[in-house]
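Student: The structure's right below; bear with me while I get my questions together.
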Amino acid sequence: RLTGKQVRLPLAGRLIPVIADAYVDPAFGSGCLKITPAHDFNDYEIGQRHHLPLINIFTPRATLADTVPERFRGLERFEARRRVLAELEAAGLVERVEPHKLVVPRGDRSGAVLEPYLTDQWYVKIAPLAAPAIAAVEAGRTRFVPESWARTYFEWMRNIRDWCVSRQLWWGHRIPAWYDADGNIYVGRDEAEVRARHRLEPGLPLRQDEDVLDTWFSSALWPFSTLGWPEATPELERFYPGSVLVTGFDIIFFWVARMMMMGLKFMGEVPFSDVYITGLIRDEHGDKMSKSRGNVIDPLDIVDGITLDELIAKRTTGLMQPQLAPAIERATRRQYPDGIAPHGTDALRFTFAALASPNRDIRFDLARVGGYRNFCNKLWNAARFVTLTLGEAAPPAGESVELSVADRWIRARFGRMLAAVESAFRDYRFDYAATALYEFAWYDFCDWYLELTKPLLQAETVSAAAKGGTRRTLAQVLEALQRALHPLMPFITEEIWQRVAPLAGASGETVMLEPYPAAADFPPDEEAEREVAWIQGVILGVREIRGRMNISPGRRIPVLLKDASGEDRALSTRHRAWLERLAGLESITLLGAGERAPPSAPALVGSLTVLVPLAGLIDAAAEAARLGKLLAKAQSDLAKARERLANEDFVRGAPAEVVARERERVAELERTAKELSSLLEIVRKLLPP
């Protein structure tokens, strides 16, 4: 009924149209909305849809301009609002006042309230640039890793608007536009080109636009401008396009998309084939790191260490909100009572690689860095063992050597690890690569292979050729391991490589220039892997029995092998030295078919049963009492867990993951109770009648 009519604006006396628009919520307030297209983003959109005039009421200093009634001109904005309200009330035009919460934008440095303000700006007509950039990703010329981020790219690019590229800042690439006294605009690379192109008189005064280009406009040129463009330099020819861009998801549109557009526009080719998007690093609680929260950690403080007082000073200096300093200090004292110990660069780098999953958020935990610092120590100690074992001279290249099953096994395991790392690097799964390297170095090489070499190298009965094979394998695998680890841990691997490379017959100035080890140079050896897996199974079975029955690791114990196959018998004979040394055995006895064993603790290795006779190894009465207490507790916990699952309210009301965990706990308690009951029965047979 009212749409299309006009009403008179109070105080100004100007006629304004009544319009209808879907943006207005009829249920909010009066259901009517007075809009200001020049001073509100949503109102601007409404104004564009209805072709309304844009009336700017502010001066650049946020005082009222000449477009308002004379009595308000020159007033500071907040004073003007007070006077407008007072005049409306005096005229009886205020029906009611209601409280309303809204977001008020403020400058992050000044805290001043910001006002939307129309100005003349420079724009780039963006649609013609966006279309080829969209097509390039659709065609696979550039791919996102993880692939899901391509959807974010497409969402921005398919809904893109013209790009405002001018900024009112002091620093940046200045807008290449000049004005004469009549306001005519001339664009060129410099003033001389402008004058020449437009045939301007030498004496005509020109003023260059004071605005600078948007930072992201300048950054969009980075892939080729840094290589000498627009000149056809050798660097540009060699390095454009690049292979991979590593960046964060928060600047996919601001930077990645714009580099794509500029690269295609000026170079005719995408700037990179892969875009690897990292997650956002958060603290161990999942909160975003920010100075105002006081939870930011300087990587250099992790590398070099920092005292508590220095850390507090660092976190509380220069805060935008100084009143937060006491809370930040309390939190810092609670979290780092002794400051931060030095962890070294390699440990921090390896931590970042291990955390680099496809997740949007990455929780950073300093304890992980501590764990990888221990890994560095483990690697260093392993290198010391190898260099002390081999001495300073490399094994003669022409020396005839014989590889033991352990030598063949570690070479095959190293090859498998390299294949996994190569695959992980291809897929940008740095976490998988770090895990594969860590597990090989720590478990296969340090925990197993180094221990397996000791009986070989120390035994007088082992041939010189076999010892030579082990020495050569020690040197070659450790040297190649440094090359494999080097991209993630450059400093310690360089130091170790300089010492180990000569022992492996390698020469070179630095590990940085050496080729990455290839899986093909360390082929699979299924027979060796199967044999060593058997050895490991027996040793781990004996160690498990020691732990369950509280038998000292240093005490040598007898072992019985029950239900041994022909292969089990052959392996137990062939590898007796390793079993006795690494499992701490005084004897290994094979039980015949149907032969009964004394009361023993068992462990299964495939179809083979490893038995440790308990007589004389334990205090039967004390062990029976200990096992009885453990069994009673397991049974009590099991009964409570079963009762909880029997409660229908719990099963219906608790989160599904909580119920699933409780069911897993019941299954684990059932296994524990069964195992304890079996052990208790065995121990009771040792008690006197």
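The values are calculated or read from the model by the stated rules, or taken from the named source; none is laboratory data. Please read these numbers as outputs of a predicted model, since none were measured by experiment. No Cβ is skipped: glycine too gets one built from the backbone with ideal geometry, and neighbour counts run over all protein chains shown.
Student: Please note which helices (runs of 4 or more DSSP H) are completely contained in the range 601-689 and include at least 1 residues that are touching a Pro at 6+ places or on another chain (Cβ under 9 Å) and on the phi > 0 side of the Ramachandran plot.
Tutor: So the answer is none; nothing clears 1.
Student: Output the residues belonging to the range 243-258 that are closer than 25 Å to ALA353 by Cβ and either part of a helix (DSSP H, G or I) or not hydroxyl-bearing (Ser, Thr, Tyr) (or both).
Tutor: VAL244, LEU245, VAL246, GLY248, PHE249, ASP250, ILE251, ILE252, TRP255, VAL256 - these are the residues of the range 243-258 that are closer than 25 Å to ALA353 by Cβ and either part of a helix (DSSP H, G or I) or not hydroxyl-bearing (Ser, Thr, Tyr) (or both).
Student: Among the residues of the range 642-689, which ones are of a type in the set (Val, Ile, Thr) and under 30 Å from GLY616 (Cα atoms)?
Tutor: Scanning the range 642-689 gives THR672, ILE682, VAL683.
Student: Here is a further query. Starting from the range 196-215, take each residue that is at negative phi and surrounded by 11 or more Cβ atoms within 10 Å (Cβ to Cβ) and list its partners that are part of a loop (DSSP other than H, G, I, E, B) and aromatic (Phe, Trp, Tyr), counting only C-beta distances under 9 angstrom and pairs at least six apart or across chains.
Tutor: Listed pairs, sorted by first residue: ASP209/TRP122; ASP211/TRP122; VAL212/TRP170; VAL212/TRP171; LEU213/TRP122.
Student: Do you know which of the residues in the range 391-419 that are part of a helix (DSSP H, G or I) and surrounded by fewer than 21 Cβ atoms within 10 Å (Cβ to Cβ) is farthest from the chain's Cα centre (by Cα)?
Tutor: Here the residue is VAL405.
Student: So, in the range 267-294, of the ones that are among the small types (Gly, Ala, Ser) and out of contact with any strand residue (DSSP E or B) (no Cβ under 8 Å at 6 or more places or on another chain), which residue ends up surrounded by the most Cβ atoms within 10 Å (Cβ to Cβ)?
Tutor: Out of the qualifying residues, it is GLY294.
Student: Is it true that some residue in the range 654-676 is more than 41 Å from the chain's Cα centre (by Cα) and of a type outside the set (Asp, Glu)?
Tutor: There is at least one residue in the range 654-676 that is more than 41 Å from the chain's Cα centre (by Cα) and of a type outside the set (Asp, Glu).
Residue-wise test of (1) modelled with pLDDT of 95 or more; (2) outside the structural domain of PHE217 (by TED's automatic domain parsing); (3) surrounded by fewer than 17 Cβ atoms within 10 Å (Cβ to Cβ).
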residue: GLY242; (1), (2), (3): yes, no, yes
residue: VAL256; (1), (2), (3): yes, no, no
residue: MET262; (1), (2), (3): yes, no, no
residue: LYS265; (1), (2), (3): yes, no, yes
residue: GLY305; (1), (2), (3): yes, yes, yes
residue: ARG315; (1), (2), (3): no, yes, no
residue: GLN323; (1), (2), (3): no, yes, yes
residue: ARG330; (1), (2), (3): no, yes, yes
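Student: Give me the pairs: first residue in the range 482-503 and assigned by TED's automatic domain parsing to the domain that holds PHE430 and within 19 Å of ARG471 (Cβ to Cβ), second residue in a loop (DSSP other than H, G, I, E, B) and not acidic (Asp, Glu), beta-carbon distance under 6 Å, and six or more apart or on different chains, which are they?
Tutor: PRO502/ALA394; LEU503/ALA394
Student: Which of (1) in contact (Cβ under 8 Å) with a residue 12 or more places away in the chain; (2) assigned by TED's automatic domain parsing to the domain that holds ARG143 is the odd one out, the single condition ALA232 does not satisfy?
Tutor: Single failed check for ALA232: (1).
Student: Identify all residues within the range 570-593 that are hydrophobic (A, V, I, L, M, F, W, C) and either closer than 16 Å to ILE551 by Cβ or assigned to a loop (DSSP other than H, G, I, E, B) (or both); write none if there are none.
Tutor: Selection gives LEU582, ALA583, LEU585, LEU591, ALA593.
Student: Something else: When only residues in the range 154-175 that are farther than 13 Å from GLN121 by Cβ, out of contact with any strand residue (DSSP E or B) (no Cβ under 6 Å at 6 or more places or on another chain) and not basic (Lys, Arg) count, which is surrounded by the most Cβ atoms within 10 Å (Cβ to Cβ)?
Tutor: MET157
Student: Looking for whichever is part of a loop (DSSP other than H, G, I, E, B), more than 46 Å from the chain's Cα centre (by Cα) and surrounded by 14 or more Cβ atoms within 10 Å (Cβ to Cβ) here; the options are LEU33, LEU93, LEU54. Which one fits?
Tutor: LEU33
Student: Does the range 454-505 hold any residues that are in contact with a Ser or Thr (Cβ under 8 Å, 6 or more places away or on another chain), surrounded by fewer than 21 Cβ atoms within 10 Å (Cβ to Cβ) and of a type in the set (Lys, Arg), and which are they?
Tutor: ARG483, ARG499
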